[in-house]
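Undergrad: After the structure tokens below, expect a handful of questions from me.
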Amino acid sequence: MNMKFWLGAACAALTMNVFAADYVVGQKNKAFSPVFIKIKVGDTINFVNEDRFFHNVFSLSDVESFDLGSYPLGQGRKVTFNKRGQVQVECAIHPFMKMRVEVVN
């Protein structure tokens, strides 16, 4: 592999991570808070359960598909969003709990 190419790719990856942000989305009173968030590619969301019962976070979106499993009060689970687009996020335990993540460059 060309050394110049490798250094350029490494710098690009490092630059992306330097500017990545972390966000917190709460799960309280059987609702996501906020219900909409706009983030950038490479950003991470920590979904924190603030209710006394279990929650689950998942998405079947083509942009970012994941299932964080079920977890109790006080715990959080993180997802890093690596592609741009719209991501519908839901709770498998409470089907009315929905939020939207818009991922931009």
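What follows draws every value from the coordinates through simple rules; no lab data is involved. Here the structure is a predicted model, which means the values were calculated and not measured. Here Cβ is always computed from backbone atoms with ideal geometry, including for glycine, and neighbour counts include all displayed protein chains.
Undergrad: Under a Cβ-Cβ cut-off of 9 Å, what is the net charge of the residues other than Val41 that fall near it, where Lys and Arg count +1 and Asp and Glu count -1?
TA: Within the 9 Å Cβ shell, the charges total +2.
Undergrad: Among Ser70, Tyr23, Val89, which residue has its Cα positioned farthest towards the positive end of the charge dipole of the stretch 20-104, with +1 placed on the Cβ of Lys and Arg, -1 on the Cβ of Asp and Glu, and the dipole taken about the Cα centre?
TA: Result: Tyr23.
Undergrad: Let me ask you something else. If the cut-off is 27 Å between C-alpha atoms, which lysines fall inside it for Lys38, apart from same-chain ones fewer than 8 positions away?
TA: Excluding near neighbours in sequence, the set is Lys28, Lys30, Lys78, Lys83, Lys98.
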